[in-house]
Amino acid sequence: MNRPKEYKKLYLWGKEELKAAGVPEPDIDARYLLEAVCGTNRNTLLADPGRKISPCEEEKYQEYIATRKKRIPLQHILGVQEFMGLEFVVNENVLIPRQDTECLVEEVLRFLQDGSKILDVCTGSGCILLSLLHFSNYCKGVGIDISKEALTVAKENGERIRALPHPNDWEEDTVTFLESDLFESLTEKDFDYIVSNPPYIASSVIPELMEEVRLHEPILALDGKEDGLHFYRRIILNSRDYLKKEGMLFFEIGYDQGKAVRQLMEEAGYAEITVVKDLAGLDRVVYGIRK
Ligand code: GLN
């Protein structure tokens, strides 16, 4: 390539490369990658477009752009994703935290009482549980997941969130992560809240997903089997044994699963079941109370 030495020129080059490779939102990704390389922010492009680029920065940027052209997710290149205003480490072993999931966390936070016990089923990166613990006081949380590799990421995130300034220091047992196929290895009971964003995409829909998701995110975190409802059925069936009376069960759901999950919860004896829409106006969260 012609070696551009100025910030904006390099950005425009990166954007064109990504666009030609069919990467969705090439402008945003080109900018984020350049900011990561140069330690700059979104203002730099406007305020200092002529900023000089060092050969080292240029080389790194070229490398990042080449990787992104292979449709490796942006977050796998950067190694982090922001969620609820907190920074979480991610890799190919966990689902990248989605903005949609903030809707679930915000709904739980409306009800969450200080000093409660929370269980996060299919915790992945731990983003849901750790956000809940960070934005509450004296709560304790257990995150379970079938994937050992995911739990390594969750534990690292636990240490990062623990290290953040927080009005009440976390105890040794504020958060625990446990390898478990749903509830199988869980001995603790009497949770006040169970939360879960389980895999909920029907197997038949997986081939239609974006390349970034289909080829680079863990299939284990996506595939909800035959009709996408497999894990809701199993979690709803067992959750009663792990919830206190009057405890609450919260799920993230796919846009077309509200009715089905509501019905499953009704059949299992949950009351006051509510379906909540996300900012796009789509069904996103279902919750109910264990009677
Ligand atoms: N709980 C994690 C998240 O919401 C992982 C969910 C999953 O793996 N299905 O990001």
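The values are calculated or read from the model by the stated rules, or taken from the named source; none is laboratory data. The structure presented is a predicted model; accordingly, all values stated were derived computationally and were not measured. Glycine also receives a Cβ, built like all others from the backbone with ideal geometry; neighbour counts cover every protein chain displayed. Quick note on the areas: whole protein, heavy atoms, side chains included, nothing else; ligands and nucleic acids left out. Shrake-Rupley method; radii C 1.70, N 1.55, O 1.52, S 1.80 Å.
Taking a ≥ b ≥ c as the square roots of the eigenvalues of the Cα gyration tensor, the range 144-291 is oblate, since a/c reaches 1.5 or more and a/b is not larger than b/c. Round to a whole angstrom and tell me the spacing of the C-alpha centers of the range 179-248 and the range 1-60. Centre-to-centre (Cα) distance: 39 Å.
Between Phe111 and Asn91, the simple label model (points 7 Å from Cα in the Cβ direction) yields a spacing of 3.5 nm.
Using the Cβ-Cβ distance between Asn137 and Lys5 with R0 set to 51 Å, the FRET efficiency from 1/(1 + (r/R0)^6) comes to roughly 0.50. Computed over the Cα atoms of the range 85-210, the ratio of the radius of gyration to the Kirkwood radius (Rg/Rh) comes to 0.96. Tell me the net charge near Ser116. Cut-off is 10 Å between Cβ atoms, Ser116 excluded, with +1 for each Lys or Arg and -1 for each Asp or Glu. Local charge sum for Ser116: +1.
Each DSSP beta bridge with both residues in the chain is either parallel or antiparallel, and the antiparallel ones are about 45%. Across the chain, the convex hull enclosing all Cα atoms gives 139 Å³ per residue. Peptides 33-43, 272-282, 111-121, ordered by how many other C-beta atoms sit within 10 Å of their residues on average, highest first, read 111-121, 33-43, 272-282.
A simple packing score, the average count of other Cβ atoms within 10 Å per residue, orders the peptides 164-172, 190-198 as 190-198, 164-172, with the highest score first.
Per-residue SASA remark: Lys9, around 120 Å² accessible (1.4 Å probe; ligands, DNA and RNA not included). Rounded to the nearest 5, the antiparallel percentage of DSSP beta bridges internal to the range 66-153 is 45%.
Of the accessible area of the chain, computed with a 1.4 Å probe over protein heavy atoms only, carbon and sulfur atoms account for 49 percent.
In the full protein context, the chain carries 49 Å² of accessible surface per residue, based on a 1.4 Å probe and ignoring ligands, DNA and RNA. For the range 254-289, the set of chymotrypsin sites (Phe, Trp or Tyr not before Pro) satisfying both a DSSP loop assignment and a count of at most 16 other C-beta atoms within 10 Å is given as Tyr255. According to the square roots a ≥ b ≥ c of the eigenvalues of the Cα gyration tensor, what is the shape class of the range 140-210, taking rounded for a/c under 1.5, prolate for a/b larger than b/c otherwise, and oblate for the remainder? Note, shape of the range 140-210 comes out prolate. With helices as the sole contributors, the chain gives -11500 deg cm²/dmol at 222 nm; each DSSP H run of n ≥ 4 counts as -39500 (n - 2.57), and the sum is divided by every residue. Amide H contacts for Phe250 (H built 1.01 Å from N in the peptide plane; partners 5 or more residues away or on another chain; cut-off under 5 Å): Ile194, Val195, Ser196. Taking label points 7 Å from Cα along the Cα-to-Cβ direction, Glu171 and Ile28 give a separation of 4.1 nm. Quick note on the range 1-144: its Rg to Rh ratio, both from C-alpha atoms and Rh being the Kirkwood radius, is 1.10.
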